Structure formats: structure tokens, C-alpha cells
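Colleague: This structure is in C-alpha cells; I'll ask about it shortly.
Please treat every number below as a calculation from the coordinates, not as lab data. Not measured: the values here are computed from a predicted model. With ideal geometry, Cβ positions are generated from the backbone for all residues, glycine too; neighbour counts draw on all protein chains shown.
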Ligand SMILES: Cc1cc2nc3c(=O)[nH]c(=O)nc-3n(C[C@H](O)[C@H](O)[C@H](O)COP(=O)(O)OP(=O)(O)OC[C@H]3O[C@@H](n4cnc5c(N)ncnc54)[C@H](O)[C@@H]3O)c2cc1C
């Protein structure tokens with residue numbers, strides 16, 4: 001059985017940053033479904049926030065102001081102590097990446113350049129053109145190689161092994177060979193990314209299925225605030241590839257079919273740089289009320305920025321618009337519509353990334369600390385990955401120094417391995433009539449249409465009924481490929497069950513929250529209700545479906561007020 005003192009699952013920014021932290025003192029291995037630099041973090045375009053004041057317009061920025069913008073942006077659902085802690089760590093984390101070689105774009109004086117982003121009082125988003133995530137990912141990957149982190153690629157973790165309330169290892173499916181592999185360790189950190197593919201019209205990669213969150217949930221770790229799903233205002237009409245908020249940060253306009261910059265009605269001061277929940281709802285309202293273009297989109301117009309600025313600051317956006325929509329933004333507006341983009345909720349952790357299971361930690365989009373509350377600000381997710389990746393790694397090092405017993409749990413790990421083999425045999429032997437790809441499509445369609453930007457009781461009850469129907473039909477699926485090696489047919493079918501479980505959690509949490517807050521916008525309960533719902537939603541696994549309860553939000557300095565932009 002393979003043994004490493006610390007196992008990190010996931011090689012996106014959160015996982016890599018955690019591994020880079022622990023590998024300075026402990027034998028650390030990463031297990032990842034895809035090669036590290038193919039992780040979804042590489043798709044991040046616009047940038048990462050820190051209150052550094054490098055842009056002359058941001059010279060008065062501070063940790064305090066960035067924290068307040070984050071808390072207000074979260075519609076006051078973020079834990080304020082956690083948000084303040086993340087932002088206090090922001091600039092040191094960015095400089096650390098810079099010293100490790102991350103090629104951030106520069107100001108004329110040579111400082112790290114910062115651009116404006118939505119919901120932010122100052123331009124504080126550090127960027128590397130419009131490929132920020134890719135450069136950060138390569139930087140951390142190089143660092144992990146230098147620190148001799150062992151990486152197991154093309155392994156899909158299907159189970160977290162827990163004995164007496166302590167984590168003892170994980171089980172991974174080796175996708176290439178088809179064998180289940182047992183891994184023993186003293187601590188496990190998940191950086192397994194978000195569940196975007198549960199939704200249709202998602203900007204997320206196909207591997208963003210929330211498989212890590214499901215593994216944790218199934219093993220008794222609660223999920224927090226899962227009903228808060230972010231819809232990004234500007235995804236390319238037709239494919240839903242992201243058009244970064246940086247395009248509006250650089251001065252892009254949103255325009256309806258009457259040629260109006262309609263954001264003046266919804267966020268008269270911030271205009272296109274309002275927070276994402278408000279801008280997405282505004283676009284959807286324009287479309288719903290007939291001021292969009294045929295098919296359901298509005299325009300993102302960059303033409304006035306000029307050729308030079310577009311080529312310098314937004315080259316990737318231009319390439320995507322040309323290749324996927326046949327539109328050159330230098331000459332024509334880009335057709336866009338809101339798309340599912342991010343999950344504010346996830347595996348419930350404390351500020352150190354620790355969960356209710358000893359030795360089990362989570363960071364990045366799979367986790368919910370909570371710093372984003374009901375709505376994340378653009379640029380704060382990359383920040384979350386590097387800050388909480390680092391902090392969870394730091395805390396694991398402390399945990400390791402106090403741990404007295406080592407190399408425990410072999411029998412439990414082997415039992416879990418046998419269980420995974422049994423699950424596969426059972427799934428492959430089903431001779432049903434249902435096609436798992438069709439069930440996935442129906443789930444995605446249901447979630448985007450019925451638990452989407454605008455929600456109400458009737459729509460969400462219909463969604464819940466549909467999810468239960470799909471869960472029932474899942475029992476009658478047939479996997480056509482019965483082989484073991486590189487069987488993606490099996491993998492897609494297997495992970496679908498976890499996605500249905502997460503869809504169930506999202507829909508139920510949304511139904512139970514009878515208010516509107518941040519991204520959770522109910523037409524039947526249009527107001528925020530702090531008296532009842534200034535609370536985190538906690539979903540706990542039971543075989544018959546999620547059990548919902550609530551926990552307190554930490555308020556330090558800022559009492560909730562109405563959000564105006
Ligand atoms: C198109 C796009 C652009 C974005 N741009 C920005 C931006 O400019 N600024 C910003 O702040 N945020 C941005 N975001 C959000 C941000 O990129 C993500 O939230 C963040 O990168 C997630 O990082 P992560 O490390 O948590 O997960 P990921 O990068 O998704 O990595 C997950 C890792 O886990 C592995 N994994 C998953 N499940 C398993 C399993 N079961 N077994 C083994 N391995 C597994 C995968 O192989 C992968 O290595 C953007 C998001 C999108 C979709």
C-alpha cells in the first residue's frame with residue numbers, strides 16, 4: 001500500500017498551494033484526476049485581488065476596505081473574521097507567487113498591475129494579461145516539482161477512509177489501469193474544485209463535477225451554503241465560455257437591443273462593475289423583458305477600448321470571441337448571456353481548512369470557510385485558493401507535530417477498497433435501460449432553468465421532484481463499456497450519482513431559504529430576511545437525502561445594511 005505522510009487530492013491552485021506548504025517539512029503526495037496544469041484553475045482569466053494600491057486610482061485601498069467590499073458583496077453572509085483574515089494574507093501571498101516567478105503584468109514603474117473588478121471600491125485585481133490562473137498554476141506546479149512533491153496523475157479519488165473519527169487514507173481509481181489503489185496517510189487535504197457541471201450553461205470545465213465534495217459529504221462532513229451558486233454575467237452566447245469580468249474592468253459596456261447601457265437602471269454608480277449577482281439579474285431581466293437579442297443574449301461592447309488595449313489586455317478574450325462566435329471584438333460587440341460559474345458553498349471548514357474529521361482538510365472552491373457568503377466578488381476566488389491552500393497546509397504541519405500515532409488504519413483502507421470494487425461490479429452489471437448521459441443532461445437543464453438566476457417555490461419544487469425522479473432512474477442505468485482500462489463511460493456514470501446528490505442538496509437548501517440574498521434570488525420572497533436567515537445552511541448526509549440545519553454567521557464590525565451600488 002502506498003504511504004505518504006500527507007496526501008493532497010487535487011492539483012489546482014488550492015491543492016498545489018497546500019502541497020507546496022506541507023512539502024517543506026513532510027513527505028507530501030498529490031493525487032489528481034487530470035495532470036496538474038490541466039486543472040480548471042488554468043482557465044481563470046481576469047485576476048486575483050489584493051489591496052496593494054499599485055494603481056494610482058487605488059492608492060487609498062486597504063485591508064479594511066477590501067474586507068468591507070467582500071462582506072458587502074457577500075450580502076453579509078460571509079464570516080467576517082474569515083474574510084478579514086483572507087484579505088490580511090492577500091498581498092503576502094501575491095508577492096510570494098511573484099518571487100516564485102509568476103509573470104504578473106506591470107505598471108509603467110514596474111509594480112504588479114491592478115485592474116478594476118466588480119463590486120470593488122478600488123482597482124485591486126492583479127493580473128497576468130487575461131491568463132492569470134494559467135500563470136499562477138504553472139508557477140505553483142514548478143514550485144511543487146522543486147520540492148519533490150510526488151504526483152499521481154489520472155487517479156480519481158472515490159473514498160475518504162475514516163477510522164475512529166480520524167482520516168487514515170483515501171481510495172483512488174487508477175483511470176489508466178482500472179485498478180483501485182489504496183493510499184495511507186496521516187492527513188488529507190482536498191482541493192478538488194467546484195460542482196459547476198451539475199448545471200447547464202456552465203463556464204466550468206467538464207471535470208468540475210464536485211466529486212470531492214460528494215466524497216466528503218458521504219463520509220459525514222457537512223456541506224455549507226450550497227444553494228449559493230454564482231451566475232457570471234458574461235459568458236459567450238452559444239458555448240458559455242467565460243468572457244472575463246476584466247473586459248468590463250478595462251471599460252467594456254453592456255448594451256441591450258435598443259443600444260442602451262442598461263446598467264444605469266440597476267447600478268447607477270457602479271454600472272457594468274456592479275457585483276456579479278446584480279449584473280447577472282440585470283442582464284436576465286433585459287432578456288426576459290424583450291430587450292435582448294433573439295435567442296436570449298445582450299452585447300458586451302469593447303470597440304471603444306481600441307485595438308491596442310484589446311490586444312494588450314484582453315488577447316485571450318479576443319481569440320475566444322473570434323474562434324467560438326466568429327466575432328472580432330475590435331470591430332463588433334460580443335454576444336453574451338449569464339452562465340453558471342462558481343459555487344460559494346462547499347465542504348464546511350474552519351479558518352484553517354479543518355473539518356469535523358481529524359486530519360481532513362479542504363481548501364479552494366470545494367470548500368466553504370465561509371469568505372464569499374451569498375455572492376463572491378470577482379478576483380476573490382483565486383485569492384481564496386492560494387490563501388486557504390497555504391493556511392490549511394500550515395495547520396496540517398501543526399497537526400502533524402502533535403500527532404503521536406502513525407501508519408494506522410490498514411484494515412479499514414483495505415475494507416474500503418473492497419467496497420469500491422464491489423460498487424463498480426454492481427454498477428457494471430446493471431442491465432438497465434437508462435442512459436446516464438441523458439440523465440446528466442436532464443439534471444443540468446433542470447438546475448439552470450429551475451434553480452437558476454431567478455427562483456420560486458413552484459419552480460424549485462418541480463426541480464426537486466425531477467431530481468428524485470432522476471435518482472430513481474439512475475438505479476436502472478446501463479454502462480455500455482464493461483472494461484476496466486480507461487473506462488470513461490464507467491467514470492461518467494459513477495460520478496453522476498454524486499452530482500445528483502449535490503443537486504439534491506442545492507435544491508433543498510434553496511427551497512428552505514425563504515428569502516433573497518446575494519445569488520439566491522426568489523421572486524416569491526424578494527427581500528433579505530436577516531431575522532430568520534442570517535445563517536449558514538448546513539446539509540448533512542443521510543441515505544434518504546440531505547438533512548438541513550443552520551449555523552451562525554460571524555459578525556465582527558459590520559452590521560448588515562441594504563446593498564446599493
Ligand atoms: C472560466 C473561469 C474563469 C475564472 N476566472 C477567475 C478569475 O479571474 N479570478 C478569480 O478569482 N476566480 C476565477 N475563477 C474561479 C477560479 O478559477 C476557481 O474557483 C479556482 O481556480 C478553483 O481552484 P481549485 O484549486 O479550488 O480547483 P480546480 O482548479 O478546479 O482544481 C481541482 C483539482 O482537483 C482534481 N480533482 C477533482 N476531483 C477529483 C477526484 N475525485 N479525484 C482526484 N482529483 C480530483 C482535479 O484534477 C484538479 O486538479 C474562474 C472560473 C472559471 C470557470
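Colleague: What Kirkwood radius, in Å to one decimal, follows from the Cα pairs of the range 262-320?
Modeller: Every distinct Cα pair counted, the radius reaches 13.0 Å.
Colleague: Rounded to the nearest Å, what's the spacing between the alpha carbon centres of the range 343-395 and the range 432-448? Just the number, please.
Modeller: Comparing the Cα centres of the range 343-395 and the range 432-448, I get a distance of 30 Å.
Colleague: Could you list 150, 485, 444, 224 so that the one with the fewest beta carbons within 10 Å of its beta carbon is first and the one with the most is last? Kindly include the intermediate steps, with their values, before the conclusion.
Modeller: Details: 150 15, 485 11, 444 19, 224 22.
Ascending number of Cβ neighbours within 10 Å: 485, 150, 444, 224.
Colleague: Ordered by packing density, taken as the mean number of other Cβ atoms within 10 Å over each peptide's residues, highest first, how do 231-244, 398-411, 31-44, 104-117 rank? Please report the intermediate quantities before stating the final value.
Modeller: Working: 231-244: 23.9, 398-411: 12.3, 31-44: 22.1, 104-117: 17.8.
Listed from highest to lowest mean packing, they are 231-244, 31-44, 104-117, 398-411.
Colleague: If a/c stays under 1.5 just call it rounded; otherwise compare a/b with b/c (prolate if a/b is bigger, oblate if not). Do that for the range 191-321, with a ≥ b ≥ c from the square roots of the Cα gyration tensor eigenvalues.
Modeller: Prolate shape, in that a/c is at least 1.5 and a/b is the bigger ratio.
Colleague: Rg (Å, one decimal) plus Dmax (Å, integer) for the alpha carbons of the range 492-542?
Modeller: Rg and Dmax of the range 492-542, Cα atoms, are 13.4, 42 Å.
Colleague: Another question, if that's okay. Neighbouring Cβ atoms within 10 Å as the yardstick, rank 291, 376 fewest first.
Modeller: 291, 376
Colleague: Something else about it: The range 52-99 to the range 127-142: how many Å between their Cα centroids?
Modeller: 20
Colleague: Hey, another quick one. Fewest to most neighbouring Cβ within 10 Å: what's the order for 277, 69, 27? Don't skip to the end; give the middle numbers.
Modeller: Values: 277 28, 69 25, 27 16.
Fewest-to-most Cβ neighbours within 10 Å comes out as 27, 69, 277.
Colleague: Given the rule -39500 (n - 2.57) for each run of at least 4 DSSP H residues, summed and divided by the residues of the chain, what is its mean residue ellipticity at 222 nm, to the nearest 500 deg cm²/dmol? The partial results should precede the final answer.
Modeller: Working: 17 runs with 207 residues, N = 565.
So the helix-based figure for the chain works out to -11500 deg cm²/dmol.
Colleague: Considering only C-alpha atoms, what is the centroid distance from the range 162-196 to the range 257-307, in Å?
Modeller: Spelled out, the Cα-based centre of one part sits 44 Å from the other.
Colleague: Let me ask something additional. Within 10 Å, count the other beta carbons around each residue, average over each peptide in 320-328, 421-429, 194-202, and list them highest first. Provide the component values of the computation, followed by the final result.
Modeller: Working: 320-328: 16.6, 421-429: 13.4, 194-202: 26.4.
Highest to lowest by the protection proxy: 194-202, 320-328, 421-429.
Colleague: Which FRET efficiency value, to the nearest 0.05, do you get for residue 294 and residue 38 by plugging their Cβ-Cβ distance into 1/(1 + (r/R0)^6) with R0 = 30 Å?
Modeller: Efficiency, from the Cβ-Cβ distance: 0.25.
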